[in-house]
1. Consider just the alpha-carbon atoms of the chain and return their Rg together with their Dmax, both in angstrom.
2. Relative contact order, percent, of the chain when contacts are C-alpha pairs under 8 Å separated by at least 6 residues?
3. About its Cα centre, what dipole magnitude does the stretch 3-85 give when the only charges are +1 on Lys and Arg Cβ and -1 on Asp and Glu Cβ, stated in debye to the nearest 20?
4. Which listed residue (PHE64, GLN40, HIS30) has the Cα farthest towards the positive end of the charge dipole for the stretch 1-69, taking +1 on Lys and Arg C-beta and -1 on Asp and Glu C-beta about the Cα centre?
5. So what J values fall out for the stretch 48-55 if you push phi through Karplus, 6.51 cos²θ - 1.76 cosθ + 1.60 with θ = phi - 60°, rounded to Hz, Gly and Pro as x?
6. Could you run the Karplus curve 6.51 cos²θ - 1.76 cosθ + 1.60 with θ = phi - 60° over the stretch 10-16 and give me ³J(HN,Hα) per residue in whole Hz, x for Gly and Pro?
7. Quick check on packing: order 45-51, 9-15 by the mean number of other C-beta atoms within 10 Å, highest mean leading.
8. Given the stretch 41-87, what whole percent of its Cα pairs are spread farther than 12 Å?
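Readers should treat all values here as calculations from the given coordinates under stated rules, not as data from a laboratory. Worth saying up front: this structure is predicted, and the values here are computed from it rather than measured. Note: ideal-geometry Cβ built from the backbone for every residue, glycine included; neighbour counts use all protein chains shown.
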Amino acid sequence: MDFDEQLRRYFGTDDLANVPPSAREAGIEHMRVDLGLATQPSERFVLWALLYTLGEAPDLDVAFKDEGEREAARNLMDLLGAAGQDE
């Protein structure tokens, strides 16, 4: 899944700066619904990761039943946190 493609799917643009607050909320809600319906681990992870980058991700124990998937999400959180410290 391409990041820009996901932004266009849920927000109608790949430029989040131009998304009005109401459209942002609607896109996030759409992602949450899709996350709840997703059956493929990779699809669930991508949706969760996008929600995480937007500050809207559900808790790991809610999003992932598998400990390996939760650990992968923790690794992503650590990597993004470390990248933010470098700036």
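1. That works out to 13.2, 37 Å for Rg and Dmax.
2. Details: 48 pairs, mean separation 14.7, N = 87.
Worked out over the chain, it gives 17 percent.
3. Working: 8 positive and 16 negative charges, 22 e Å.
That gives a dipole near 100 debye.
4. It is HIS30, whose Cα lies furthest towards the positive end.
5. These are the phi-based 3J(HN,Hα) values: 4, 4, 5, 4, 4, 5, 8, x Hz.
6. Couplings: 8, 10, x, 7, 9, 10, 5 Hz.
7. Values: 45-51: 20.7, 9-15: 15.9.
Averaged packing, sorted descending, gives the order 45-51, 9-15.
8. On the way: 649 of 1081 pairs.
The calculated P(r) of the stretch 41-87 puts 60 percent of pairs beyond 12 Å.
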